[in-house]
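The values are calculated or read from the model by the stated rules, or taken from the named source; none is laboratory data. Since this is a predicted model, take the numbers as computed values, not measurements. Methodologically, a virtual Cβ is constructed for each residue, glycine included, from the backbone with ideal geometry; neighbour enumeration extends over all protein chains shown. All accessible areas refer to the heavy atoms of the entire protein, side chains included, with ligands and DNA or RNA removed. Shrake-Rupley method; radii C 1.70, N 1.55, O 1.52, S 1.80 Å.
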Protein chains: 2
Amino acid sequence: MNPDPELLKEAWQHRKEHPQSIYDRSGVWRFRDLLHFYPDNKDLSQILVSMDGEEGRTKPFMLSKVAEYVGLKSNNFYLQFEGDNPTGSFKDNGMAAGFTHAKMVNANKVACASTGNTSSSMAAFAANEGDINAYVFMGSGRISIGKLAQTLEYGANAIQILGDFDDAMKTVQAVSKEMGIYLLNSLNAYRLEGQKTIIYRLLEGLKWEVPDLVVCPGGNLGNTSAFGKALTEPYKWGFIDKLPRIVVVNANGANTLDRIYNEEKIRWSYTDDLWNDKIKEFYTKLDEENFKAHTIASAIEIGKPINLPKALRALYETKGMVVSVSDQEILDAKAIVGRNGFGCEPASAASVAGIKKLTEEGIIDKDTFAVGILTGHQLKDPKATIEYHKSSANKFANPPIEVPNDIDKILEALRK
Amino acid sequence: MNPDPELLKEAWQHRKEHPQSIYDRSGVWRFRDLLHFYPDNKDLSQILVSMDGEEGRTKPFMLSKVAEYVGLKSNNFYLQFEGDNPTGSFKDNGMAAGFTHAKMVNANKVACASTGNTSSSMAAFAANEGDINAYVFMGSGRISIGKLAQTLEYGANAIQILGDFDDAMKTVQAVSKEMGIYLLNSLNAYRLEGQKTIIYRLLEGLKWEVPDLVVCPGGNLGNTSAFGKALTEPYKWGFIDKLPRIVVVNANGANTLDRIYNEEKIRWSYTDDLWNDKIKEFYTKLDEENFKAHTIASAIEIGKPINLPKALRALYETKGMVVSVSDQEILDAKAIVGRNGFGCEPASAASVAGIKKLTEEGIIDKDTFAVGILTGHQLKDPKATIEYHKSSANKFANPPIEVPNDIDKILEALRK
């Protein structure tokens, strides 16, 4: 039997206003009716994993300066700031669900490959649980300072491989299989179940009015996959009366999905597997080109997205679009988010830069109703921010001024 | 007429559960009945400043590993994580109130001296308001990378003085007076009004059961002053039936309050001003010693705390204590907070290190009921974290291991 939309919307609202437990307070488990992979004949506290109910407590915000920047009307444009999660990124949504399944199968070791946000989240959940060891595989040098700090501080075993994220991803799969470690990368289907709640909160925050576009950065494509499921299921069940189009934004230097979707024109199909063969061919081509992903947006610096098949399905079902943006466009967009009093890491700003690209190219008009997802906290990568603002070559640079310790000279400098 | 405790507690709870506006949602303005410096004959949205209701949405948490570390029973020990504010520190509590007053007096320029958290918060509020220019005075080189990134990104005018925080503090007062800029340092009484709500949420989170100790790091002593007021007022009005003792924790390298309180034994007095003269004498002595504050906990690296008089009053009224801890004790305590799945910046961990010192020295016993305030987010200062974990000389170091891109060698390393 399909879930009843009106009853559930009321239940979710009620849990939010009168939480009876941390599972009602959690922005993930509040929607547990649609994440139903666990037995419900037991006490929830014996089953569900949560960071004291703190994960997923986000909602969409209007940001007028950013709206103006991307060329949309300010009441038709929202950003949902998933950096406002316990470990500073959207990953906490999925980890709550992934750890729940890990505990269901009695895992005492978990692992992931990570550009940094996944590892921070996994390490924090493992520390919270107390009896689970975390193993993190990272490419060397391509993890932001904030994310490395978190991963070490939460006590995970951090393994830096002399290679990039794609190497780490290959390694973690082999090592986990060999050593019987529970794998918590986004190919873990339960993690994607948790990430569906990003969309539920977005729709709830819009009072179930459906936007035209849902825009997110494209890295390993876990969000794209989760968002596809989170939209098509409620559509089928009557929670919403239309489907928004998913827009995935790649960085120019890590644009595998863009190439596959827009150049190779590979599309998902229910009836044959030819598309999957074409992806494999394309990946072989990438190897022959010796392609290495490279972008300032380290969270999406991924050459071979592990969720590519599921993401293609999400794009197929929502008539989605894929665009790429330059590092400069990403950093400019990031600065505007800051000027609006918010803040995000570089990868997140790809959402904003992507929407701007769509309006500039006339693909969408100013009346389009768009919601972008900001995936990670500004403080995850302070180096990128400081470098941007210190260089006056950047359009929205805001360099500090240095003055001697002399009040007259300071007044003189300020009055200029 | 005094406020009615039971009616107000109910009103605060109701606003939290059924917010009618962002001012009910805000963890500062939800308690507006006790922050009554604005006219209430107008629409709240014309008067109050808020970051969309996001500031001050914190509460105390139990952290069992930290409890064990400090030597208290885990159900008698809480930490309130003020890093979970929009700009990552407790400062957002006070800025909401300070900006409200700035707008009441039609200020279009605001300024502060800052070790980084105040400037981040002030810059973000200014960006949110849109029509207020922010001027930030910083000592050179002694601001953490995260805080500098935020201040620049939110678009504040950042002025780096060739000097330390105490120089910046002196400068900002002179410049603001000269140029007619509204001063938003913690000597601003309205900011302290906002910071009172840290205590209201703490008490509410404990269901108005009063702890024996409230412990906070001591820098410019704005929190100490605000906490004193936030405790003594409700005690007088019957919200609580006893007063907790305030414990202020200095870093050894920035221990002015400790010296004044424990060595010089200077105490607040209602009847004379001698104590104030003694402070001035002591400050002269500091100048003669050419004393410069120095600690890894940059947020409390302050030699001449601007709120010292008010803080002495808070200590007097709550029979408070002052202790100092070393940078090593601070960093070890910080690592334990991380192992518990939380995270904080170095200054915050002084709260934890201070409680540990009190139990070790037998000043408090294991049954003491203590709440510590973690003032800032872990990601504010990732450098300190990484340096700690990379050095195996540190007790709780968790260095990353480097391995070649070779699965057999990685398995070998992991099985060791």
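From other protein chains only, count the Cβ atoms within 10 Å of every residue's Cβ in A:170-183, then give the mean. Present the calculation step by step, with values, prior to reporting the outcome.
Details: counts 2, 6, 2, 1, 4, 4, 0, 0, 6, 3, 0, 1, 0, 0.
If you average over the peptide's residues, the count of other-chain Cβ atoms is 2.
Per the accessible-area calculation with a 1.4 Å probe, the total area buried between chain B and chain A rounds to 6300 Å².
Between copies, the label points of A:Q13, set 7 Å from Cα on the Cα→Cβ line, lie 2.3 nm apart, reported in increasing order to one decimal in nanometres.
Ignore the peptide's own chain and count Cβ atoms of other chains within 10 Å of each Cβ in A:157-169; give me the average, rounded. List each step's numbers first, then the result.
On the way: counts 4, 6, 7, 4, 7, 5, 4, 1, 0, 0, 1, 1, 0.
Mean partner-chain Cβ count within 10 Å for A:157-169: 3.
Using a/c under 1.5 as the rounded threshold, could you call chain B rounded, prolate or oblate? The axes a ≥ b ≥ c are square roots of the C-alpha gyration tensor eigenvalues, and prolate needs a/b larger than b/c, oblate otherwise. Rounded, because the longest to shortest axis ratio a/c is under 1.5.
Annotation: peptides A:170-178, B:335-343, ranked by per-residue average of other Cβ atoms within 10 Å with the highest first, follow the order B:335-343, A:170-178. Neighbours of B:R313 by Cβ distance under 12 Å: Lys/Arg scored +1, Asp/Glu scored -1, total +2.
By a 1.4 Å probe calculation restricted to protein chains, A:T118 has an accessible surface near 10 Å², given to the nearest 10.
Ignoring ligands, DNA and RNA, what percent of the 1.4 Å accessible area of the protein assembly as shown is carbon and sulfur? Don't skip to the end; give the middle numbers.
On the way: 14110 of 30430 Å².
Heavy-atom surface of the protein assembly as shown belonging to carbon and sulfur, 1.4 Å probe: 46 percent.
Please compute the average number of Cβ atoms from other chains found within 10 Å of each residue's Cβ in peptide A:384-391. Provide the component values of the computation, followed by the final result.
Working: counts 1, 8, 8, 1, 3, 7, 2, 0.
For peptide A:384-391, the averaged partner shielding equals 4.
Label-point distances for B:K416 to the equivalent site in the other copies, using a point 7 angstrom along Cα→C-beta, read 5.4 nm when ranked shortest first.
Rolling a 1.4 angstrom probe over the protein heavy atoms, how many square angstrom per residue are accessible across the protein assembly as shown? Numbers along the way, then the final one.
Values: 30430 Å² over 832 residues.
Spelled out: the 1.4 Å probe surface of the protein assembly as shown, per residue, equals 37 Å².
Assign one of three labels to region A:11-148, namely rounded, prolate or oblate, based on the Cα gyration tensor with a ≥ b ≥ c the square roots of its eigenvalues; rounded applies when a/c is under 1.5, prolate when it is not and a/b is larger than b/c, and oblate otherwise.
Oblate, because a/c is 1.5 or more while a/b does not exceed b/c.
Show A:I355, B:I22, B:I143 ordered by accessible area, largest first, where the area counts protein heavy atoms only and the probe is 1.4 Å.
Working: A:I355 0, B:I22 55, B:I143 25 Å².
Solvent-accessible surface, decreasing: B:I22, B:I143, A:I355.
Using a cutoff of 8 angstrom between alpha carbon atoms and counting only pairs six or more residues apart, the relative contact order for chain B works out to 19 percent.
Sorted from nearest, the other copies put their A:G71 label points 6.6 nm away, the label point being 7 Å from Cα in the direction of Cβ. Residue and whole-Å distance for the chain A Cβ lying nearest the axis of the A-onto-B rotation are A:L379, 2.
Go ahead and run the numbers for FRET between A:V105 and A:D33, Cβ-Cβ distance against an R0 of 25 Å, rounding to 0.05. Intermediate values should be presented prior to the final figure.
Details: r = 22 Å, r/R0 = 0.90.
The formula returns an efficiency of 0.65 here.
Here A:Y154 sits with roughly 10 square angstrom of accessible surface, probe radius 1.4 Å.
Sort A:273-280, A:394-401 by packing, meaning the average of other beta carbons within 10 Å per residue, with the highest value first.
Details: A:273-280: 13.0, A:394-401: 16.0.
Put in order of decreasing packing, that is A:394-401, A:273-280.
Distance from the C-alpha centroid of region A:187-213 to that of region B:124-152: 33 Å, rounded to the whole angstrom. The candidates B:R30, B:R245, arranged from most to least accessible area with a 1.4 Å probe in the full protein assembly, appear as B:R245, B:R30. Overall, the ratio between the Cα radius of gyration of the protein assembly as shown and 2.2 N^0.38 Å, rounded to two decimals, is 0.93.
Using a probe of 1.4 Å on the protein chains alone, the accessible area found for B:R415 is around 140 Å². Which aspartates and glutamates does B:K73 reach when only Cα atoms under 16 Å apart count, and residues fewer than 8 places away in its own chain are ignored? Straight-distance partners of B:K73: B:D212, B:E360, B:D365, B:D367. Mean residue ellipticity at 222 nm, helices only, the protein assembly as shown: -13500 deg cm²/dmol; runs of at least 4 DSSP H residues each add -39,500 (n - 2.57), and the sum is divided by the number of residues. Remark: the B:E178-B:D272 segment gains 30.6 nm on full extension, using 0.36 nm per residue and subtracting the alpha carbon distance. What shape does region B:228-377 have by the C-alpha gyration tensor, where a ≥ b ≥ c are the square roots of the eigenvalues, rounded means a/c under 1.5, and otherwise prolate means a/b greater than b/c and oblate the rest? Here region B:228-377 falls in the oblate category. Separation of region A:267-292 and region B:345-387, taken as the distance between their Cα centroids, equals 52 angstrom. Full extension of the segment from B:E233 to B:H14, taken as 0.36 nm per residue of separation minus the current Cα-Cα distance, would add 76.6 nm. Highest mean first, the peptides B:227-234, A:13-20 sorted by other C-beta atoms within 10 Å per residue fall in the order B:227-234, A:13-20. Taking a Cβ cut-off of under 12 Å around A:T385, the surrounding Lys, Arg, Asp and Glu residues balance to a net charge of +1, with basic ones at +1 and acidic ones at -1.
With 0.36 nm allotted per residue and the present C-alpha distance subtracted, the B:S326-B:S391 stretch has 21.7 nm of extension available.
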